1. Please give me the summed charge of the neighbours of Ala32: other residues whose Cβ is under 11 Å from its Cβ, Lys and Arg +1, Asp and Glu -1.
2. Please work out the ratio of the alpha-carbon Rg of the chain to 2.2 N^0.38 Å and round it to two decimals.
3. Per 0.36 nm of contour for each residue apart, how much would the distance between Asp114 and Ala136 grow if the chain were fully extended, relative to their Cα-Cα spacing?
4. Between Ala174 and Leu186, what is the spin-label point distance in nm, taking each point 7 Å from the Cα along the Cα→C-beta axis?
5. Please give the length that would be gained between Glu128 and Arg96 if that part of the chain were fully extended, namely 0.36 nm times their separation in residues minus their C-alpha to C-alpha distance (nm, one decimal).
6. How far apart, in nm, are the 7 Å Cα→Cβ label points at Glu150 and His46?
7. Report, to the nearest whole %, how much of the accessible area of segment 71-200 belongs to carbon and sulfur atoms, 1.4 Å probe, protein only.
8. In Å², and per residue, what accessible area does segment 68-141 have when probed at 1.4 Å with the other protein chains present?
Amino acid sequence: MYSGCVNTADRLIESTRELLWERGYVGTSPKAILERSGAGQGSMYHHFKGKPDLALAAIRRTAEEMRATAAGVLDGPGTPYERIEAYLLRERDVLRGCPIGRLTMDPDVIAGDDLRAPVDETLDWLRERLAGIVEAGKEQGQFAAGLDGEAIAATIVATVQGGYVLARASGSPAAFDASVRGLLSLLAPVDGTHAGGTNP
């Protein structure tokens, strides 16, 4: 599955990331990791102390990737509304769910402080980043002065995560799309200061 240019530790981490997303912590057995990665017997314990250590490395990498992807959109060009719009409408594999959001529903991840920490830190970072954009929009007169940036940021994150859950439950991304477009319609500046609007 992996080319020879990817070292064994990276193959183990990437395989664990995929399995955590697909099966959760309990379903991610050392045997499954070794089979998915094509690594030899004993490789996991050569590079990592065990499954919890490998899972932590995988979760940290997933968290770093999610932050980088979100930052690439949120730090992009456009007005505050357009940047939030770009974040909400960016391409996602909706039916697979959010790789970080799904970890919040994994009791074994949430029960362990070490495994939960990268998840909490990522969601906190995202809310803080979104709150800053909302506050910038208020200063520019694009959003109503009475909006609470932190509350709106929490609403955006909750809408995205809830949209994933509803889409998976229905087997269709339509529920996710409806959720984010509904939120965008509530946030849309009434004076038309954003260009283009939402995509059809």
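1. Numbers: positive: Arg23, Lys31, Arg36, Lys51; negative: Glu18, Glu22, Glu35.
Cβ neighbours under 11 Å give a net charge of +1.
2. Values: Rg = 19.2 Å, N = 200, 2.2 N^0.38 = 16.5 Å.
Output field value: 1.16.
3. On the way: separation 22, 0.36 × 22 = 7.92 nm, distance 3.38 nm.
Extending this stretch completely gives an extra 4.5 nm.
4. Calculated label separation equals 2.2 nm.
5. Values: separation 32, 0.36 × 32 = 11.52 nm, distance 2.54 nm.
Extra length from Glu128 to Arg96 when fully extended: 9.0 nm.
6. Reported label-point gap for Glu150 and His46 is 4.9 nm.
7. Details: 3460 of 6420 Å².
Answer for segment 71-200 is 54 percent, counting heavy atoms of protein chains only.
8. 47
The values are calculated or read from the model by the stated rules, or taken from the named source; none is laboratory data. None of these values were measured; they are calculated from a predicted model. Neighbour counts run over all protein chains shown; Cβ positions are idealised from the backbone, glycine included. For accessibility, only protein heavy atoms count, side chains too; no ligands or nucleic acids. Shrake-Rupley method; radii C 1.70, N 1.55, O 1.52, S 1.80 Å.
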